1. Can you confirm whether region 196-203 contains a residue that is under 21 Å from residue 135 (Cα atoms) and either part of a helix (DSSP H, G or I) or among the hydrophobic types (A, V, I, L, M, F, W, C) (or both)?
2. Within region 252-266, does at least one residue satisfy the condition of being in a loop (DSSP other than H, G, I, E, B), free of Cβ contacts under 8 Å to residues at least 24 places away in the same chain and either within 27 Å of residue 175 (Cβ to Cβ) or out of contact with any strand residue (DSSP E or B) (no Cβ under 8 Å at 6 or more places or on another chain) (or both)?
3. Is there a residue in region 25-34 that is more than 26 Å from residue 187 (Cβ to Cβ), modelled with pLDDT of 95 or more and in a helix (DSSP H, G or I)?
4. In the set 212, 189, which member is within 16 Å of the ligand (Cβ to nearest atom), in contact with a Gly (Cβ under 9 Å, 6 or more places away or on another chain) and over 19 Å from residue 163 (Cα atoms)?
5. Please state which one of 176, 200 is crowded, with 18+ Cβ neighbours inside 10 Å, among the basic types (Lys, Arg), more than 16 Å from the ligand (Cβ to nearest atom) and closer than 23 Å to residue 120 by Cα.
6. Which ones in region 224-242 are of a type outside the set (S, T, N, Q) and surrounded by fewer than 14 Cβ atoms within 10 Å (Cβ to Cβ)?
7. Could you pull out the residue among 135, 122 that is among the β-branched types (Val, Ile, Thr) and without any contact (Cβ under 8 Å) to a residue 60 or more places away in the chain?
Amino acid sequence: MNSPGVAGAEVQKLSGTQKGAGGRLTVAEPYLIQQKWDAYNQEQHAVWAELVQRRMPQLREHAAEEYLNGFEQIGLKEDSIPNLAEVNRRLSPRTGWNATPVSGFLPPDSFFEMLGARQFPTTTYIRSRESMEYTPEPDIFHDVFGHVPMHAHPVFADFLQHYGRVCAGLMDDKEKLEKMGRLFWFTVEFGVIRQKGKVKLYGSGLISSHGEGTHVIEGRPEIRNFNLDQVMNQQFLVSEEQKVLYAVESFDQIYEAAQEAEKRLG
Ligand SMILES: [Fe+2]
């Protein structure tokens, strides 16, 4: 998800015509920035490299194949922070999605507007070496390494846009939005999928965190079959390792879940 309020790399506001792909945002417009890729220093690239190199051995074995394919397709590199313009040149022709740089925390209406426009709010800040395992605010490692590869998958791409549109229509109903928030948490953030008889990771919180990923691989959370009713009523704590996760059999299942959620709540 997007990050509240931190911008490590120097950022600069965009003027009207430079907003990039999409360009139809209204409520989210004040949050759009430009990634100043040249402003990252060697230490920041080294932090990215260390984070990626730490995660990849586990992910090559335990990540969903769609995640690993997406990683290759969007051209992420192991040794340097991604240049979002280059990522988007590869991603956008595939699914219409862009990783769109934002200044920090987005209010819900802006966040959902961006998802509905296939623009993923992406922070440009990278964590410091003092918080390699955990950072309270998402950073570019969580947002790009954790989230963006899945946006190259056509069904996941459609699901995420639809999710944003449904939520944008529920802005006045806190209770329904909370149910939709749980759907996001147990798919986009902490989703797992069964592939070839094994539980594989695709949620960004599991992909980007060595501790959370290891927790699942070691079999500690209870893995239930995905069920929309249960998911929409499942409490969770952001600050603790997850006790229950929901496994899908295919990504069609989460696409259908978003359609079903719209029928029930919309
Ligand atoms: Fe996230």
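The values are calculated or read from the model by the stated rules, or taken from the named source; none is laboratory data. Predicted model only: the values in this text are computed from it and were never measured. Note: ideal-geometry Cβ built from the backbone for every residue, glycine included; neighbour counts use all protein chains shown.
1. Checked region 196-203: at least one residue is under 21 Å from residue 135 (Cα atoms) and either part of a helix (DSSP H, G or I) or among the hydrophobic types (A, V, I, L, M, F, W, C) (or both).
2. No, region 252-266 contains no residue that is in a loop (DSSP other than H, G, I, E, B), free of Cβ contacts under 8 Å to residues at least 24 places away in the same chain and either within 27 Å of residue 175 (Cβ to Cβ) or out of contact with any strand residue (DSSP E or B) (no Cβ under 8 Å at 6 or more places or on another chain) (or both).
3. Checked region 25-34: at least one residue is more than 26 Å from residue 187 (Cβ to Cβ), modelled with pLDDT of 95 or more and in a helix (DSSP H, G or I).
4. 212
5. Residue meeting the stated conditions: 176.
6. We begin by selecting, within region 224-242, every residue of a type outside the set (S, T, N, Q); these are 224, 226, 228-229, 231-232, 236-238, 240-241.
Of everything in region 224-242, those that are of a type outside the set (S, T, N, Q) and surrounded by fewer than 14 Cβ atoms within 10 Å (Cβ to Cβ) turn out to be 229, 237, 238, 240, 241.
7. Result: 135 is the single residue among 135, 122 that is among the β-branched types (Val, Ile, Thr) and without any contact (Cβ under 8 Å) to a residue 60 or more places away in the chain.
Each row is one residue, and each column tells you yes or no for (1) closer than 23 Å to residue 60 by Cβ; (2) among the small types (Gly, Ala, Ser); (3) within 15 Å of the ligand (Cβ to nearest atom); (4) not in a loop (DSSP other than H, G, I, E, B).
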site: 114; (1), (2), (3), (4): no, no, yes, yes
site: 121; (1), (2), (3), (4): no, no, yes, yes
site: 138; (1), (2), (3), (4): no, no, yes, no
site: 143; (1), (2), (3), (4): yes, no, yes, yes
site: 156; (1), (2), (3), (4): yes, no, yes, yes
site: 161; (1), (2), (3), (4): no, no, no, yes
